[in-house]
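Notes for the one structure printed next.
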Amino acid sequence: MSAWDYQGFFAAKIETLRSEGNYRYFLDIERQRGAFPRAQNHHAGGTREITVWCSNDYLGMGQHPDVIAAMQTAIRATGAGAGGTRNISGTTHAHVALEAELADLHGKEAALLFTSGYVSNWAALGTLAAQIPDCVVLSDAGNHASMIEGIRQSRAQKLIWAHNDLADLEAKLASLPLAQPKIIAFESVYSMDGDIAPIAEICDLADRYGAMTYLDEVHAVGLYGPRGGGIAEARGLMDRLSVIEGTLGKAYGVMGGYIAASAALVDFIRSFASGFIFTTALPPAVAAGGCAAVRHLKTSGAERAMHQARVAEVRARLDAAGIPHMANDSHIIPVMVGDPVKCRYISDRLLNEYGIYIQPINYPTVPKGTERLRITPSPLHDAAAMDHLVGALAALWSECKLAQTARAAQ
């Protein structure tokens with residue numbers, strides 16, 4: 001009997017992904033300081049200049065002078081790394097200052113930093129659901145993989161409610177004893193469709209049925225609300241939420257995740273979450289950069305206003321060109337292709353012939369048949385960049401005969 005063919009197994013699985021059009025390619029890019037959204041793409045033939053249209057650095061804060069200066073100052077003062085876990089020498093003044101800024105941003109008593117938004121969801125939700133006796137988590141069907149994984153890891157009872165469906169959520173809440181602990185876990189802006197949750201109504205149901213609320217605002221913090229506190233701040237609802245989770249890796253331009261909540265809840269997570277306790281703290285320079293970004297966007301609404309204007313302009317130009325995109329009230333523009341091979345093909349042509357980088361979004365990130373190009377305009381995409389984008393998409397759309405398909409489906 002021969003040994004198991006490990007390498008053959010790996011290769012066959014990868015080949016299946018390639019044949020289905022679902023293989024993930026990782027583009028080697030080098031962002032250009034002060035020139036966002038321009039970047040250099042390193043490839044086999046050398047380098048080429050490209051325009052990035054799919055970045056989660058939604059406001060270009062990763063290039064902002066205040067953020068860069070704060071990081072440079074911190075690294076000169078403290079060095080590169082934190083030197084340990086938060087409990088063992090890794091809590092620097094930069095971490096403490098950033099947590100205070102985040103608690104203030106969301107109107108909460110305390111906040112807690114994690115190494116990423118994924119880890120903050122996985123650790124916080126998983127710890128809450130595992131530690132609260134007999135807890136039931138009611139999870140929106142559209143929730144991010146990090147939330148799903150945290151809930152799964154907790155081994156708590158889970159009920160999945162239909163995406164943004166208040167009637168289904170209420171039916172599932174009503175099926176549980178009123179005294180049983182419950183957590184309603186949901187997002188504000190859903191990253192692939194760009195739709196927004198009915199937060200106030202979910203809070204109403206939580207009050208009625210005795211549930212905690214856990215809101216993921218990673219695609220909204222920095223972008224919405226008078227100080228960038230997210231959709232909950234924009235709608236005056238932050239005080240009604242038990243936990244607000246966010247990220248520093250999108251609109252704030254650096255990296256890291258966090259939760260904001262009551263002092264008791266934050267201390268509870270800090271004390272019991274293995275994903276927090278047993279990992280090295282963020283570098284102080286990253287925390288300092290995040291702090292500078294949060295402080296800037298608390299007082300400056302110019303980036304948010306320009307961002308919304310650019311999003312509206314791109315949508316209008318796509319409409320004029322007859323290119324179908326999913327309607328929503330957020331900044332995310334999903335251009336619907338509906339075929340993984342064509343989605344990959346259009347993405348490759350945009351890059352190779354037009355110098356436009358938009359990553360194709362295929363299964364399993366989105367359901368089969370809903371493959372798309374996810375466009376994220378920033379305040380720094382100018383009129384010339386928008387003309388170039390829409391012109392290139394229109395040419396490729398026609399070539400792939402997707403325009404006729406889209407019209408036939410309407």
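The values are calculated or read from the model by the stated rules, or taken from the named source; none is laboratory data. Since we're looking at a predicted model, the values are computed, not measured. Heads up, the Cβs are rebuilt from the backbone with ideal geometry, glycines too, and the neighbour counts pull from every protein chain shown. Surface accessibility is based on the protein's heavy atoms, side chains included, excluding ligands, DNA and RNA. Shrake-Rupley method; radii C 1.70, N 1.55, O 1.52, S 1.80 Å.
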Next item on the list: May I ask you to list the aspartates and glutamates whose Cα is less than 14 Å away from that of K13, ignoring any residue fewer than eight positions away on the same chain?
Entry: D5
Note to self: Show me the ranking of peptides 310-322, 233-245, 205-217 by mean Cβ neighbours inside 10 Å, starting with the highest.
What the structure shows: 205-217, 233-245, 310-322
Note to self: Rounded to whole Å, give me the distance from the Cα center of the range 192-240 to that of the range 12-35.
What the structure shows: 33
Item checked: Estimated vicinal HN-Hα couplings, Hz - the range 277-284 in sequence order (Karplus 6.51, -1.76, 1.60; Gly, Pro = x) -> 5, 9, 10, 5, 5, 3, x, x
Next item on the list: Quote the FRET efficiency, to the nearest 0.05, computed for I14 versus V341 with a Förster distance R0 of 22 Å and r equal to the Cβ-Cβ distance.
Entry: 0.85
Checklist line | Unit charges at the beta carbon, dipole of the chain: most positive-side option, P334, L373, I196 | finding: L373
Notebook entry, point to check: Going highest first, how would you order 255-265, 180-190, 42-52 by mean Cβ packing within 10 Å?
Noted result: 180-190, 255-265, 42-52
Notebook entry, point to check: Taking a ≥ b ≥ c as the square roots of the eigenvalues of the Cα gyration tensor of the range 1-125, is the shape rounded (a/c under 1.5), prolate (a/b larger than b/c) or oblate?
Noted result: oblate
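222 nm [θ] for the chain, helices only, -39500 (n - 2.57) per DSSP H run of 4+, per residue, to 500?
-14000 deg cm²/dmol
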Next item on the list: Search the structure for amide H atoms under 5 Å from the amide H of T85, placed 1.01 Å from N in the peptide plane, and list their residues when 5 or more places away or on another chain.
Entry: G90, A281
Notebook entry, point to check: Can you work out ³J(HN,Hα) from phi for every residue in the range 182-192, in order, using Karplus 6.51 cos²θ - 1.76 cosθ + 1.60 and θ = phi - 60°, giving whole Hz and x for Gly and Pro?
Noted result: 9, 10, 9, 10, 7, 10, 8, 9, 8, 5, 9
Check: Residue-wise, which Karplus ³J(HN,Hα) couplings in Hz belong to the range 59-72, taking 6.51 cos²θ - 1.76 cosθ + 1.60, θ = phi - 60°, and x for glycine or proline?
Finding: 10, x, 5, x, 10, 5, x, 5, 5, 4, 5, 5, 5, 5
Item checked: Cleavage-rule hits, chymotrypsin sites (Phe, Trp or Tyr not before Pro), the range 1-102, DSSP coil, Cβ neighbours within 10 Å at most 16 -> W4, Y23, Y25, F26
Notebook entry, point to check: Hey, which of these cross-link pairs are over 32 Å Cα-Cα: K172/K342; K158/K401; K108/K172?
Noted result: K172/K342; K158/K401
Checklist line | Apportionment of accessible area to carbon and sulfur, the chain, percent (1.4 Å) | finding: 56
Next item on the list: Quick one: which residues, 5+ away or cross-chain, put their amide H under 5 Å from the amide H of L138? H built at 1.01 Å from N.
Entry: L159, I183, I184, A185
Notebook entry, point to check: Compactness ratio of the chain: Cα Rg over 2.2 N^0.38 Å, N = residue count?
Noted result: 1.02
